[in-house]
Amino acid sequence: MGFNLEKRIRKDHILRKISEKIDFSFIYKEVKGTYGENGNVSTPPPVILKMLLLLVLYNVRSERELMLTIPERLDWLYFLGYDLDDEIPNHSVLSKARARWGVKAFKQFFERIVWQCVEAGLIDGGKLFVDASLIDADASNNSVVDTHSLKKYLNKGYRQLEKRLDNLEKTTPANSRYISTTDPDASPTRHSGGKSKLRYTTHRAVDPKHEVITATKITPGSVDDGNAFKKMIDIHQKNTQKTVDTTVADSKYGTINNFLLCRDLGIKAHIPSLEKTHRGSGRQKGIFPKESFTYNPENDTFTCPAGNSLKRRNYNKKRNHYEYKAPSKICAYCDLRKQCTRSKDGRSLKCHIRQDELDIMLTYAQSRKAKRDIKTRQHLSERSFARSKRYGFKRARWRGSWRMEIQDFLIAALQNILVLANHSEKSLSNSNAQVGHCVRAKRDICEGFSMRPFVINLVNQLILSSSLKRQLCFI
């Protein structure tokens with residue numbers, strides 16, 4: 001008696017849904033140029049891609065363990081197209097495929113899934129939630145060396161390197177001076193007052209309609225979140241072919257450059273200001289805010305709470321702002337000095353050359369609608385990253401930024417695939433419920449009129465005009 005593997009897999013199994021929804025054969029065309037003309041490819045590219053997807057979906061510890069487990073799992077054999085007696089390839093085919101294919105093939109896979117979500121109506125595209133999260137690199141702090149004094153590493157071990165990392169300035173979590181000999185692309189980064197670790201940062205854009213990930217990007221952990229903001233908008237618009245009208249992010253993205261970028265692009269920036277968020281802490285604690293000073297356009301000066309004038313002094317070309325200061329002697333003898341400044345030179349104000357436009361954007365960011373979006377971001381973006389943890393998101397599987405990009409694209413694509421599969425199931429459930437409701441309503445109406453033919457025809461015509469007309473059986 002033959003054994004039918006397909007019949008052994010239940011109808012609602014997630015791997016069956018993925019097989020039905022996703023066409024993996026596209027990978028043939030994407031990687032065609034990476035193989036030679038002579039000889040046969042031992043393992044088909046779609047099977048390799050599916051194996052890597054299984055590695056992520058079930059968060060398998062290693063590729064070696066994945067290959068050992070495949071013969072034991074009927075659902076995995078079904079998903080890969082193998083039979084019980086088929087030979088499973090060596091785990092090395094996966095590492096060789098990654099090296100041969102590069103990042104491009106996995107990027108194409110992610111983009112195809114995003115576009116499939118667009119075609120399924122799962123993406124609105126107008127509003128974009130942007131956030132970032134740190135990922136621990138697959139490297140020890142003991143692999144970090146100080147490039148300014150390499151001689152001491154010739155005859156000594158890596159002693160006290162973790163202590164040295166912990167002594168890094170909190171305002172500068174990492175710099176090019178400290179490099180890992182194991183994974184040079186990762187950077188020492190401190191998070192929430194903890195110890196410095198070798199990390200990467202993944203930047204992610206999420207569409208709020210069904211929480212589909214529309215853009216993702218990997219950078220070293222030391223890269224500021226705000227620097228990737230424009231790239232996220234560009235990737236989202238490219239992948240979805242939709243125009244962003246509102247962006248939502250946390251205060252790390254609330255820089256002057258990002259507010260003015262949104263102004264130039266005609267995008268509403270629902271982002272807390274970085275300057276205002278950190279105001280009142282550190283050296284600024286208990287100090288008069290900028291709003292306490294009155295600007296006088298007739299003579300281009302500011303008036304401080306004590307009634308003294310701050311005049312324009314110089315222009316910073318790098319930051320594009322003017323500096324306004326009062327004479328240091330006036331500040332020195334002012335009764336409100338302790339509430340105004342802790343600088344020996346007296347209080348100064350910085351005014352951007354596009355301050356009027358910046359003020360407009362900051363006003364929008366304080367609107368009721370913006371505050372509501374910012375509150376929504378707290379759980380929407382965090383939920384997206386929390387789901388990623390199931391697939392080994394918080395720890396790098398491999399070393400090197402290009403391998404990290406592959407891992408990131410696989411995880412993001414998988415999360416979107418699950419959205420596609422679940423949406424399809426929910427849509428069918430809702431549709432069946434509507435069909436049942438219409439059939440019951442039809443039965444009740446017809447029975448109420450003693451099944452008169454003209455009533456039955458009228459009811460049928462009404463149902464035919466609905467979107468459910470193809471799914472009903474008429475009496």
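The table for this structure:
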{"item": "Pairs with Cβ under 8 Å, 6+ apart, first in segment 76-97 and of a type in the set (D, E, K, R), second assigned to a loop (DSSP other than H, G, I, E, B)", "result": "D83/L5"}
{"item": "Pairs with Cβ under 6 Å, 6+ apart, first in segment 1-12 and charged (D, E, K, R), second modelled with pLDDT of 85 or more", "result": "R8/L74"}
{"item": "Count of segment 342-363 residues which are touching a residue at least 24 places away in the same chain (Cβ under 8 Å) and over 19 Å from L261 (Cα atoms)", "result": "5"}
{"item": "Selection within segment 53-66 - in a helix (DSSP H, G or I) and farther than 14 Å from I113 by Cβ", "result": "L54, L55, E63, R64, E65, L66"}
{"item": "Search result, residues across segment 223-238 that are within 20 Å of S273 (Cα to Cα) and either of a type in the set (D, E) or surrounded by 18 or more Cβ atoms within 10 Å (Cβ to Cβ) (or both)", "result": "V223, D224, D225, G226, A228, F229, M232, I233"}
{"item": "Residue match in segment 321-338 (condition: without any contact (Cβ under 8 Å) to a residue 60 or more places away in the chain, assigned to a helix (DSSP H, G or I), touching a Phe, Trp or Tyr at 6+ places or on another chain (Cβ under 9 Å) and surrounded by fewer than 17 Cβ atoms within 10 Å (Cβ to Cβ))", "result": "no"}
{"item": "Residues of segment 98-145 satisfying the condition of being assigned to a loop (DSSP other than H, G, I, E, B), in contact with a helix residue (DSSP H, G or I) (Cβ under 7 Å, 6 or more places away or on another chain) and either free of Cβ contacts under 8 Å to residues at least 12 places away in the same chain or of a type in the set (V, I, T) (or both)", "result": "I123"}
{"item": "Count of residues meeting criterion [modelled with pLDDT under 95 and of a type in the set (V, I, T)] in segment 392-412", "result": "0"}
{"item": "Among the residues listed as K375, K311, K329, K394, the single one being assigned by TED's automatic domain parsing to the domain that holds D264 and farther than 30 Å from A186 by Cα", "result": "K375"}
{"item": "Pairs, first farther than 13 Å from I271 by Cβ in segment 364-382, second surrounded by 15 or more Cβ atoms within 10 Å (Cβ to Cβ), C-beta under 7 Å, six or more apart", "result": "L380/F129; L380/V206; L380/P208; L380/E211"}
{"item": "Among (1) assigned to a helix (DSSP H, G or I); (2) at pLDDT below 95; (3) out of contact with any strand residue (DSSP E or B) (no Cβ under 9 Å at 6 or more places or on another chain) - the single one F474 does not satisfy", "result": "(1)"}
{"item": "Count of segment 239-273 residues which are surrounded by fewer than 17 Cβ atoms within 10 Å (Cβ to Cβ) and within 30 Å of P184 (Cβ to Cβ)", "result": "1"}
{"item": "Selection status of N90, on the phi > 0 side of the Ramachandran plot and not in a helix (DSSP H, G or I)", "result": "no"}
{"item": "In segment 3-20, the residues that are part of a loop (DSSP other than H, G, I, E, B) and either surrounded by fewer than 13 Cβ atoms within 10 Å (Cβ to Cβ) or at pLDDT below 90 (or both)", "result": "F3, N4, L5, R10, K11, D12"}
{"item": "Of all residues in segment 186-210 being charged (D, E, K, R) and modelled with pLDDT under 90, the one that is nearest to D373 (Cα to Cα)", "result": "R190"}
{"item": "Within segment 242-264, considering residues that are assigned to a loop (DSSP other than H, G, I, E, B) and of a type in the set (S, T, N, Q), the one nearest to Q355 (Cα to Cα)", "result": "T255"}
{"item": "S25 being modelled with pLDDT under 95, out of contact with any strand residue (DSSP E or B) (no Cβ under 9 Å at 6 or more places or on another chain) and surrounded by 14 or more Cβ atoms within 10 Å (Cβ to Cβ)", "result": "no"}
{"item": "Residues that are touching an Asp or Glu at 6+ places or on another chain (Cβ under 9 Å) and either closer than 15 Å to S273 by Cα or polar (S, T, N, Q) (or both), drawn from segment 334-349", "result": "S348"}
{"item": "Complete set of residues in segment 216-241 that are among the hydroxyl-bearing types (S, T, Y) and either assigned to a loop (DSSP other than H, G, I, E, B) or under 14 Å from the mean Cα position of the chain (by Cα) (or both)", "result": "T216, T219, S222"}
{"item": "Per-region count, segment 21-43, residues outside any helix (DSSP H, G or I) and either among the β-branched types (V, I, T) or in contact (Cβ under 8 Å) with a residue 12 or more places away in the chain (or both)", "result": "5"}
{"item": "Tally of residues being part of a helix (DSSP H, G or I) and under 14 Å from L52 (Cα atoms) across segment 393-414", "result": "12"}
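The values are calculated or read from the model by the stated rules, or taken from the named source; none is laboratory data. All values derive from a computational prediction rather than experimental measurement. Don't worry about glycine lacking a Cβ; one is built from the backbone with ideal geometry, like all the others, and counts go over all protein chains shown.
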